[in-house]
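Working notes, structure below.
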Amino acid sequence: METWESLSVRPVPEWFQDAKLGVIVPWGPYAVPAWAPPSGDHAALVAEHGWQHALSNDPRAEWYANCMRIPGSPTWEHHRAAWGRLARYESFGRLFRQCLKASDPATLVDAIAASGARYLIFTAKHHDGFLLWTSRKKNPRRREWQTSMDVVGAFAEAARERGMKFGVYYSGGLDWTFGGLPIRSLEDLLEAIPTTRTYSAYVDAHLRELIIRYRPSVLWNDVCSPAQEDILSLLNFYYESVPDGVVNDRFGQFDPEESAGLGRRLMEHFQRILPVRKKPPSVHGSAAPAPRHLDFRTTEDDSAPAEEEGVWERLRYIGRTEESLLSVGDMVRSVVDTAAHGGNLLLSAGPAATGLISEPAISRLHDLGEWLRRNGEAIYSTRRWEVTEAVTDEGIEVRYTRKGMTVYAILLGTPAGRAFILPSLRFLPYASIRILGSVSHAAWFQEGRDVMVRLSEPLRASPAHVISITPAPRLT
């Protein structure tokens, strides 16, 4: 039986630190309207405009049920025009169940596997409370608010058949069938978190059922955990069932008896999991405790935790429409930058109600996978090096990773000619270099505190190029 103290020294399994790329699949009734305003990245909206603006203009389709209830919001306007003012979100549940009958999870998982992802996380329950497995613990607030098919099981089987680890996402901190809508501000969000013992028991029963049925390699909780839930007991049960499993940093709990303190602590909790660059809106600000245990941290913005903060993951949304989709270059740069800073990139790919993602999204995932097939040696199973970033003489950003005796210098751009300078490095006299996935040969020359790399021919245009250096250079 683990204690909080023994869990604190539990090593994070190597497979997770080696994976570097995962994909999370948010899927539920919100995939029927499959719409959100193309307003950019949610974390950036919070940072630039504050929570109230970000919640009204949320670019995540998973928040449709909330945004459609905010008068004047883009989703409210869209819903009235597309579905009529009397259309209820509950009707999407019925339509979604009908679409499931014709869906083919294997096709979607094929596209995800083609991206080079090493793990897949599937949404068992999002904030709307809809269950995507045949749970015996049914929703007490809404009848038939779940599938009659084992969708979670189908994705688990398909992912594992393709060599990926499988994890489950579960929204423990929000369930809108238990109330709380609409959420217009951070204060509203805090008040929407269910605090009853009934809800706590409901969540605990679901998580244990998911662990028993699917043995998920990742248990990805969202927002927080109900205050009355016995998290230590749950984690013991999970690690006994899945010895190489990992949990994220969103199992924090707060005492519902302290109403004012609850708001202060939860505000700090959200500021930690979704950092903002500007001064956050005040909710009687105060410090908050971190979760009692985590295997990795998840951030939803462009910041990277300090090295001493341990294993981490960056969540990015690839978008649902042509105008909102990340480019291949954005995906490659995110993978490279995250790996250089010692983390995993988790791409969110939300399919339509039919279970399919758009052809442009499939094409981008495939192209990301092609880049990784040529250059994955510099990404998978790597760790941080002594320095993570640099800039060449012509202004191209460089990211470094390491594996054993080899360091990889990854150029986030294509040099204009056949020579470029890597600054502040000293190569050992017998060092060898090569350009991964290229026919161009490379030679190096020490020039004072820097190294010049000469190519036999110019590099073809690519989001990133990898120079392998063995043995590792020294910093100057």
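Odds and ends about this structure:
- Filter pass, Ser217 being under 25 Å from His42 (Cβ atoms), among the small types (Gly, Ala, Ser) and in the same structural domain as Asn66 (by TED's automatic domain parsing): no
- In segment 396-476, counting only strands (runs of 3 or more DSSP E) that sit wholly within it, the ones holding 2 or more residues that are over 24 Å from Arg333 (Cα atoms) and hydrophobic (A, V, I, L, M, F, W, C) span 442-447.
- In summary, Ile121 fulfils each of the numbered conditions (1) of a type in the set (Val, Ile, Thr); (2) more than 19 Å from the chain's Cα centre (by Cα); (3) closer than 30 Å to Leu181 by Cα with the single exception of condition (2).
- Meets criteria (of a type in the set (D, E, K, R) and buried (at least 18 other Cβ atoms within 10 Å of the Cβ)) for Asp244: no
- Residue match in segment 103-122 (condition: part of a helix (DSSP H, G or I), more than 26 Å from Val242 (Cα to Cα) and among the polar types (S, T, N, Q)): yes
- Answer from Ala260, Ala227 - the residue that is touching an Asp or Glu at 6+ places or on another chain (Cβ under 7 Å) and at pLDDT below 95: Ala227
- From Asp104, Asp175, Asp150, residue being among the acidic types (Asp, Glu), crowded, with 23+ Cβ neighbours inside 10 Å and in the same structural domain as Trp63 (by TED's automatic domain parsing): Asp175
- Looking across segment 147-185, the residues that are of a type in the set (Lys, Arg) and touching a residue at least 40 places away in the same chain (Cβ under 8 Å) come down to Arg162, Lys165, Arg184.
- Pairs where the first residue, in segment 4-19, is over 15 Å from Ser217 (Cα atoms) and the second is basic (Lys, Arg) and surrounded by 14 or more Cβ atoms within 10 Å (Cβ to Cβ), C-beta under 7 Å, 6+ apart: Trp4/Arg292
- Applying the criterion of at least 3 residues that are under 19 Å from Lys125 (Cβ atoms) to the helices (runs of 4 or more DSSP H) found wholly in segment 1-69 leaves 64-67.
- Residue tally, condition at pLDDT 95 or above and of a type in the set (Lys, Arg), over segment 44-87: 2
Quick grid of which residues meet (1) surrounded by 18 or more Cβ atoms within 10 Å (Cβ to Cβ); (2) among the β-branched types (Val, Ile, Thr):
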| position | (1), (2) |
| --- | --- |
| Glu309 | no, no |
| Ile318 | yes, yes |
| Thr354 | no, yes |
| Ile357 | yes, yes |
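- Test result for Leu181, among the hydrophobic types (A, V, I, L, M, F, W, C) and crowded, with 22+ Cβ neighbours inside 10 Å: no
- Scanning segment 191-207 for any residue that is touching a residue at least 40 places away in the same chain (Cβ under 8 Å), of a type in the set (A, V, I, L, M, F, W, C), in a loop (DSSP other than H, G, I, E, B) and in contact with a Leu (Cβ under 8 Å, 6 or more places away or on another chain) turns up at least one such residue.
- Among the residues making up segment 31-41, those that are crowded, with 21+ Cβ neighbours inside 10 Å and either outside the structural domain of Leu132 (by TED's automatic domain parsing) or within 19 Å of the chain's Cα centre (by Cα) (or both) are Ala31, Ala36.
- Of all residues making up segment 70-102, the number that are touching a residue at least 40 places away in the same chain (Cβ under 8 Å), within 19 Å of Arg184 (Cα to Cα) and not in a loop (DSSP other than H, G, I, E, B): 3
- Selection count where residues are more than 15 Å from Ser468 (Cβ to Cβ), hydrophobic (A, V, I, L, M, F, W, C) and in contact with a Pro (Cβ under 9 Å, 6 or more places away or on another chain), scope segment 401-455: 2
The values are calculated or read from the model by the stated rules, or taken from the named source; none is laboratory data. Remember, predicted model here, so these are calculated numbers, not experimental data. Note: ideal-geometry Cβ built from the backbone for every residue, glycine included; neighbour counts use all protein chains shown.
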